[in-house]
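A quick write-up on the structure given underneath.
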Amino acid sequence: MIRVWERRYGTVQPERSEGNQRFYSEEDVQRLALLKQATDAGHPISNITHLSVPHLRALLSPQGTSGDAPLPRVQLPAASPTRNAEQLIEAALKAVVGMDSAALEKILEEGAVTLGQNALLLQVIAPLVQRIGEEWQKGTLRIVHEHQASAVIRTFLGRAARPLAMHASAPVLVAATPAGQLHEIGAALVAAAASNQGWRVVYLGPSLPAEEIASAARQNGARVVALSIVHPADDPNLPDELRRLRQLLPDSVTVVAGGRSAEGYRDALFETRANLCGSLADFSSALDLLRQGVN
Ligand code: B12
């Protein structure tokens, strides 16, 4: 138990050690128990690890202090100024140019905290991917920069699409790109956006044949299949894939398609009763309507 606590609350020096055995004093054990109570009560661990047993007791007393043990002043780190979406994008681009994956990840995490997940997707990640594409086209960024950035963004979105506490009756959305569509970030973006809105997301990744998408949708009782179509805009096989998918899906499943090249398949999408969705914001509104049973 001490080992588990130590991992969370910092190392406690054992009173004595014999071989692999470590012995802790009564006070060490009390201190760890008090640290746990204090973190359970909402005190950040970084603010309290240095406190002694009497100070921790004082902190946990109903008055928050006790007469005989004045609490030492805790030096809180100075609050750093909040960066807006544009500043985060600029910082993220610097991290991409510097091939600094850790910094890019930190910037995305910062945005999730300061802007919220949904705004992060719409105002930072989507425009950032767009900018990376433009810089790549201009030759300012190389393929390696783009690959590395895509990997970080893809992993981050994968985490964002994982539900924290999902209601058992949450509607299910399957996200994928159809066969031949290798760009994955659009699908990962819609997966994260749907998850933020309380949908249970089954993320399949890129380039899936219609049979596989339909089978995943059936197995999970999906209400929506979201398809991202980014490149190319003129694949002669894709209309057939869309038709086949419609045939294999139950009528109750709505197909929503988006991405910069979805427009290129407008006729096949119309024929298969799929909804063409221009932006992530429209997608969010569409999901709300679908959840209310409006098709
Ligand atoms: C990352 C990337 C790659 C990566 C993909 C990695 C991965 N794991 O996905 C790699 C390196 C593999 C790659 C390869 C190529 N790529 Co590329 N790539 C990109 C980049 C930078 C991002 C792509 C992306 O995921 N976009 C998806 C989303 C984020 O953008 P979007 O389509 O505009 O979608 C928006 C909305 O529509 C919505 N959305 C997206 N999907 C969906 C789905 C639903 C249901 C809804 C509601 C909404 C929605 O979300 C987005 C945010 O607003 C783009 C640049 C760009 N601006 O997109 C180029 C880009 C798509 N690539 C391009 C090209 C040319 C290629 C290559 C041909 C390059 C080459 N010479 O090899 C190959 C093609 C590979 C292939 N066979 O398909 C061109 C395509 C040009 C065109 N006319 O179509 C682009 C636009 C770059 C450019 N400016 O030239 N690419």
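Laboratory data are not the source of any read-out in this text; all were calculated from the coordinates shown. For clarity, every value in this text was computed on a predicted model and none was experimentally measured. Here the Cβ positions follow ideal geometry from the backbone for every residue, glycine too, while neighbour counts run over all protein chains shown.
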Practice task
Compute the Cα gyration tensor for the stretch 138-295, then decide on rounded, prolate or oblate, letting a ≥ b ≥ c be the square roots of its eigenvalues: rounded whenever a/c is under 1.5, prolate when a/b is larger than b/c in the other cases, and oblate in all that remain.
Solution key: oblate
Handout entry: the stretch 93-225, relative contact order in percent, only Cα pairs under 8 angstrom and at least six apart counted
Key = 23 percent
Practice task
On a C-alpha basis, how far is the centre of the stretch 204-265 from the centre of the stretch 126-168 in Å? Whole number, if you could?
Solution key: 22 Å
Problem - Under 11 Å, Cβ to Cβ, from Val174 - net charge with Lys/Arg +1 and Asp/Glu -1 - result: +2
Problem - All aspartates and glutamates inside 18 Å of Lys106 as judged from Cα atoms, apart from same-chain residues fewer than 8 positions distant - result: Glu86, Glu90, Glu146
Fill in the blank from the handout: Whole-Å distance linking the alpha carbon centroid of the stretch 102-124 with that of the stretch 271-295 is 25 Å
